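Participant: Handing you this structure, nothing more for now.
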Amino acid sequence: MTKSGSQLGGVIVDYVKNHPNCSSKQIHEGIAQEWGYATVKRSIQVLLSDNLIVALGKGKGTKYEISRSYELLIPINPDKYFQKEIDEREIKADFDLNLISDQLKGISLFSDQEHAFLDQLQSTFKKNTEVLAPQEFKREFERLAIDLSWKSSQIEGNTYSLLETERLLKEQETASGKTKDEAIMLLNHKAAMDFILEHPNYIQPLSLAGIEDIHSLLIKDLNVARNIRKRRVGITGTNYRPLDNEFQIRESLQSMCVFINGRNDIFEKALMALVLISYIQPFEDSNKRTGRIISNAVLMNYQYCPLSFRTVDQIDYKKAMLIFYEQNNISVFKKIFIEQFEFAVRTYF
């Protein structure tokens, strides 16, 4: 959608939000702007495709309302959002116990256009990998796994460069001036990805035990407690408060597994695993890392292209995650997911 089209879409959404059960004619008359009726009708169709509004009835009697997925999917500008400091932002400070069990049900996370784009990329990946010999595939996977180990660790504050990471993972050569834990973090990422390559259906179906096993691989020798946390944790940069009750954490994680296992769309499964594990914060540490590896495990189980996240800016990644924590809005993170899937398909294999 063009900038002017996006502006019109926002105006229409605001009108429908304030005037539920309205017709296209009422929308056109109500916004009283320079756009013609045909242009408004086209914009309505785009909003329907993006799952931001829903149509009730048929033909001339069609009415429009805000969809259940509006708050989840409405585009948010992260630069504008973070112009307000942490204590100035209006947020959903507490973990939403109904998000997974109720609000996400029946919602399509990707628009028709986004899905067509992702499906086309996956077809390219499948076509490319069908002609690769096993050793060639393994070599390309190692490239991706090294990139993922580096970027995923960098997001968590690791200071190894990509070249230093490659040297460590290929030749077991540590970089000077770096801590032992930084090297261990990188090695654990590679071990987790190698494990998934060897056991692609390990998390099928997704289970609490499977998630805990992957987490254990990522925290090996890092002095981090295993399994579901028993104490409160805080998240830097936000006033969002994850659950602090072990039984509720376990219940939410199990609810997430049921939800993801019940989805048919592979991209939605992978995106939800990536975001919801971070949102629940089930462990004392390494939650986002676990989310990234589990998301890739979902993709690989269905022979979909895994993600390295190599080109994502670590600050942009954290901002997208904070927006989901604070608003339960996935629009910014979904954009990162789509961009990184495209990058992976174009770059590896």
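Nothing in this text is a laboratory measurement; each read-out follows from the coordinates by a stated rule. Please read all numbers here as calculations on a predicted model, not as lab measurements. Methodologically, a virtual Cβ is constructed for each residue, glycine included, from the backbone with ideal geometry; neighbour enumeration extends over all protein chains shown.
Participant: What list do you get for E156, E164 if you sort them by fewest beta carbons within 10 Å?
Facilitator: If I rank by nearby Cβ atoms, fewest first, I get E156, E164.
Participant: Now a separate question. Given the options E34, E65, E326, state which has the largest fluctuation in a GNM of the chain using a 10 Å cut-off (strictly under) for Cα springs.
Facilitator: Of E34, E65, E326, the Gaussian network model singles out E34 as fluctuating most.
Participant: Ordered by residue, what ³J(HN,Hα) values in Hz, to whole numbers, does the stretch 197-214 give under the Karplus form 6.51 cos²θ - 1.76 cosθ + 1.60, where θ = phi - 60° and Gly and Pro are x?
Facilitator: 4, 7, 10, x, 9, 4, 9, 10, x, 5, 9, 4, 4, x, 5, 5, 5, 5
Participant: Oh, and also: Amide H neighbours of C22 under 5 Å, at least 5 residues apart or on other chains, H built in the peptide plane: list them.
Facilitator: When sequence neighbours closer than 5 places are left aside, the close amide H contacts are Y64.
Participant: Let me ask something else about it. Kindly write out, for the stretch 332-343 in residue order, the coupling ³J(HN,Hα) from the Karplus curve 6.51 cos²θ - 1.76 cosθ + 1.60 (θ = phi - 60°), rounded to whole Hz, with x marking Gly and Pro.
Facilitator: Listing the rounded values in order: 6, 5, 4, 4, 4, 4, 5, 4, 6, 5, 4, 4 Hz.
Participant: Semi-axes of the equivalent ellipsoid of the stretch 141-230: what are they in whole Å, largest first, if each equals the square root of 5 times a C-alpha gyration tensor eigenvalue?
Facilitator: The three semi-axes for the stretch 141-230 are 24, 16, 10 Å.
Participant: Which distance in nm do the two modelled labels at K63 and S255 give, with both placed 7 Å along the Cα-to-Cβ direction?
Facilitator: So the label points at K63 and S255 sit 3.1 nm apart.
Participant: Over the chain, with a Gaussian network built from C-alpha contacts below 10 Å, which listed residue (L109, L99, L253) shows the highest mean-square fluctuation?
Facilitator: Most flexible of the set in this elastic network: L99.
Participant: Using just the Cα positions, wrap the stretch 3-67 in a convex hull and report its mean projected area in square nanometres, one decimal place.
Facilitator: Here the figure is 3.8 nm², rounded to one decimal.
Participant: Can you tell me which of 226-234, 6-14 comes out highest on packing, and rank the rest after it, using the mean Cβ neighbours within 10 Å?
Facilitator: Answer by packing, highest mean first, reads 6-14, 226-234.
Participant: With θ set to phi - 60°, apply the Karplus curve 6.51 cos²θ - 1.76 cosθ + 1.60 along the stretch 176-193 and write out the HN-Hα couplings as whole Hz, x wherever there is a Gly or Pro.
Facilitator: 5, x, 10, 7, 5, 5, 4, 5, 4, 4, 5, 4, 5, 4, 5, 4, 5, 5
Participant: Gain in length, K170 to D313, computed as 0.36 nm per residue apart minus the alpha-carbon separation, to one decimal in nm?
Facilitator: Separation in residues times 0.36 nm, less the Cα-Cα distance, equals 49.0 nm.
Participant: Now for a separate question. Helix-derived [θ] at 222 nm for the chain: sum -39500 (n - 2.57) over DSSP H runs of at least 4, divide by residue count, nearest 500?
Facilitator: The per-residue figure over the chain is -19000 deg cm²/dmol.
Participant: Run the count for the stretch 138-280, please: Lys pairs, Cα-Cα under 26 angstrom, 8 or more apart or on different chains.
Facilitator: For the stretch 138-280, the number of qualifying lysine pairs is 22.
Participant: Continuing with the same structure: Can you find, among C257, C305, T62, the residue farthest towards the positive end of the dipole of the chain? Put +1 on the C-beta of Lys and Arg, -1 on that of Asp and Glu.
Facilitator: Comparing the listed Cα positions along the dipole, T62 ranks first.
Participant: Also: Helix 266-280 sits at what angle to the longest principal axis of the chain, using alpha carbons and giving 0 to 90 degrees rounded to 10?
Facilitator: It is inclined by approximately 80 degrees.
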